[in-house]
Amino acid sequence: MKTQVCIVGGGPAGVILAYQLVKNGIEVSLLEAQKDFDRNFRGDTIHFKSMELLHDLGLSDGIFSLPHHTMAQLGVEFDGETINFIDFSRQNTRFKFVTLVDQALFLQHVIDQLKDESNFKLMMQTQGRDLMWEDGKVVGIHTRTAGVEDMIRADLVVGCDGRNSRIRKQADFEFTETSNKIEVLWFRLPRKASDATIQLAGGFAGGRTPIVILERHDHFQIGLIVPEKGYRQLRNEGLEQLHERIIEGVPAFADRVDTLDDWNKIAFLSVAGGRVKQWWRDGLLLIGDAAHVMTPLGGVGINYAIEDAIVAANELVPALKGNGVETRHLAKIQAQRDRPIRIIQSIQGNAQRRIITPGLLNDEPFSFPPFMRILPNVPVLRDLPSKFIGGGFSRVRVKTV
Ligand SMILES: Cc1cc2nc3c(=O)[nH]c(=O)nc-3n(C[C@H](O)[C@H](O)[C@H](O)COP(=O)(O)OP(=O)(O)OC[C@H]3O[C@@H](n4cnc5c(N)ncnc54)[C@H](O)[C@@H]3O)c2cc1C
């Protein structure tokens, strides 16, 4: 089989890149290893800058027609006191909030817009395996669908296969870690009609263990952050100890922690940020977490993946319609993304090293870093966290080609 672009991985990076290439007349095959988009929890926060970009792609109305939730403020709660250190309502955008939408529904919705396009081939349950090389150039990829081996020749292969990217390992990209490891336990707790008071407390709660609470329409998605090897320790201590930690952070959850009655209901991830030095080889590009692994801090990874995809499409469409993709086009994509990625990874790495990990190792109740107490009261400074978390550090625009 032959195609113009073979995208490996149907996360936010791969799906948005596929959308923009296909809508601009490029022939695309998208390989996704899983049988559907309902993969392990990978976050569901779409910030205002991404929503503006999705609006420009004609996708925002459809996203708002899916079950979703919006939050204008994100607070940190400690000892019953809440500080809203992020307030999107003062930002200069039509979307003055963060949108929480189930990632599986979001990805499926984008894919649904491509189902009638003859230049698009979606291959679910298909793994991208070994890259095909000719004279130092990537010319395609071997695939495996339900045990059946095949191959796809392509003018360009794009690795969008996430944090453990096989493509990254295959092409020997130099990878550097940018943060130390933390461990995250993800699970759901039911949301009740009487929960209005928790509504703004999407952020950390008090206690020894930081708890991220994200509201979904019928449940809370909870992230419990523990130090490296903390998951193993919690498992040894048992579920009751885990329940206690949750209640210590959020006493209001005492009436429902017992729904967490099996470790199978808890997804576990060891998380460290990092990035490759060079995002490309001749005939091959990495974007999204494959190029730069994002940690959950700030809930921004999906958003950087979407921006990568749009910048990549802006460069690739004219090249593919013209004389073909050369390494200079790929280098230009990385050049536009390098700075914002470095900045956000440095913020994530520092927050993890200086605030989260020392706090976790103390095993004492978390306290606010003093600047977080001051920040919301200083007019010049108070909008900076919302501006940079919601708007990012770059001026990505959708170019209509
Ligand atoms: C616990 C956790 C919570 C997070 N929470 C948030 C959040 O709230 N908000 C946020 O913005 N970011 C969050 N992030 C970060 C975010 O998940 C990532 O930055 C983002 O998903 C990157 O998108 P991607 O498309 O590059 O990769 P992914 O979303 O990881 O998608 C990669 C895809 O490739 C597929 N794949 C892998 N290998 C192959 C192969 N060989 N062949 C074919 N397909 C393959 C996978 O099945 C997957 O579908 C979180 C991350 C973690 C770990």
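Taken over the stretch 136-194, the criterion of being among the aromatic types (F, W, Y) and within 12 Å of the ligand (Cβ to nearest atom) is satisfied by W186, F187. Criterion applied to V396, V401, V378 was being at pLDDT below 90, among the hydrophobic types (A, V, I, L, M, F, W, C) and not assigned by TED's automatic domain parsing to the domain that holds K277, and the one residue passing it is V401. Looking across the stretch 211-225 at every residue that is in a loop (DSSP other than H, G, I, E, B) and more than 12 Å from the ligand (Cβ to nearest atom), the one that is modelled with the lowest pLDDT is identified as H217.
Which one of these is among the basic types (K, R), at pLDDT 95 or above and not assigned by TED's automatic domain parsing to the domain that holds L224: K35, K23? Exactly one of K35, K23 is among the basic types (K, R), at pLDDT 95 or above and not assigned by TED's automatic domain parsing to the domain that holds L224, namely K23. In the stretch 22-51, the residue that is surrounded by the most Cβ atoms within 10 Å (Cβ to Cβ) out of those that are more than 8 Å from the ligand (Cβ to nearest atom) and acidic (D, E) is E27. Within the stretch 243-275, the set of residues being assigned to a strand (DSSP E or B) and touching a Pro at 6+ places or on another chain (Cβ under 8 Å) comprises just one member, V271.
Matching residues to (1) within 14 Å of the ligand (Cβ to nearest atom); (2) free of Cβ contacts under 8 Å to residues at least 40 places away in the same chain:
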{"residue": "D87", "(1), (2)": "no, no"}
{"residue": "H109", "(1), (2)": "no, no"}
{"residue": "Q113", "(1), (2)": "no, no"}
{"residue": "S118", "(1), (2)": "no, yes"}
{"residue": "L122", "(1), (2)": "yes, no"}
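When the stretch 299-315 is filtered for residues that are more than 8 Å from the ligand (Cβ to nearest atom) and β-branched (V, I, T), the ones remaining, listed by number, are I306, I310, V311. When we screen F85, F97 for residues that are within 25 Å of I246 (Cβ to Cβ) and aromatic (F, W, Y), the only hit is F85. Within the stretch 383-401, being within 16 Å of I341 (Cα to Cα) and free of Cβ contacts under 8 Å to residues at least 60 places away in the same chain holds for F388, F393, R395.
Among the residues making up the stretch 120-137, those that are over 27 Å from the mean Cα position of the chain (by Cα) and either in a strand (DSSP E or B) or on the phi < 0 side of the Ramachandran plot (or both) are M132, W133, E134, K137.
Here V5 meets each of (1) within 15 Å of the ligand (Cβ to nearest atom); (2) within 20 Å of the chain's Cα centre (by Cα) with one exception, condition (2). Answer yes or no as to whether L239 is under 20 Å from A351 (Cα atoms) and modelled with pLDDT of 85 or more. Here the answer is no, as L239 does not meet what is asked. Considering (1) more than 9 Å from the ligand (Cβ to nearest atom); (2) not in a loop (DSSP other than H, G, I, E, B), the lone condition that Q278 does not fulfil carries the number (2). Cβ-Cβ distances below 6 Å connect the following pairs, each with a first residue in the stretch 148-167 that is in contact (Cβ under 8 Å) with a residue 12 or more places away in the chain and under 13 Å from S29 (Cα atoms), a second residue that is assigned to a strand (DSSP E or B) and within 7 Å of the ligand (Cβ to nearest atom), and a separation of six or more residues or different chains: G159/V8.
Looking across the stretch 258-267, the residues that are surrounded by 12 or more Cβ atoms within 10 Å (Cβ to Cβ) and over 12 Å from I222 (Cα atoms) come down to T259, W263. With the condition kept exactly as written, say whether any residue in the stretch 177-187 is of a type in the set (S, T, N, Q), within 25 Å of the chain's Cα centre (by Cα), closer than 22 Å to D282 by Cα and surrounded by fewer than 19 Cβ atoms within 10 Å (Cβ to Cβ). The answer is no, given that none of the residues of the stretch 177-187 is of a type in the set (S, T, N, Q), within 25 Å of the chain's Cα centre (by Cα), closer than 22 Å to D282 by Cα and surrounded by fewer than 19 Cβ atoms within 10 Å (Cβ to Cβ).
The rows are residues; the columns are (1) farther than 30 Å from E174 by Cβ; (2) more than 20 Å from the chain's Cα centre (by Cα); (3) in a loop (DSSP other than H, G, I, E, B); (4) among the small types (G, A, S).
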position: T209; (1), (2), (3), (4): yes, yes, yes, no
position: Q241; (1), (2), (3), (4): yes, yes, no, no
position: I302; (1), (2), (3), (4): no, no, no, no
position: E307; (1), (2), (3), (4): no, no, no, no
position: E315; (1), (2), (3), (4): no, yes, no, no
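Every condition in (1) touching a Leu at 6+ places or on another chain (Cβ under 8 Å); (2) modelled with pLDDT of 95 or more; (3) closer than 17 Å to L31 by Cα is met by F106 except one, and the failing one is (3). Consider the stretch 89-107 and keep the residues that are without any contact (Cβ under 8 Å) to a residue 60 or more places away in the chain and among the charged types (D, E, K, R). The one that is farthest from the ligand (Cβ to nearest atom) is R94.
The values are calculated or read from the model by the stated rules, or taken from the named source; none is laboratory data. Model, not experiment: these values are computed from the prediction. All Cβ positions, glycine included, derive from the backbone under ideal geometry; neighbour counts span all protein chains shown.
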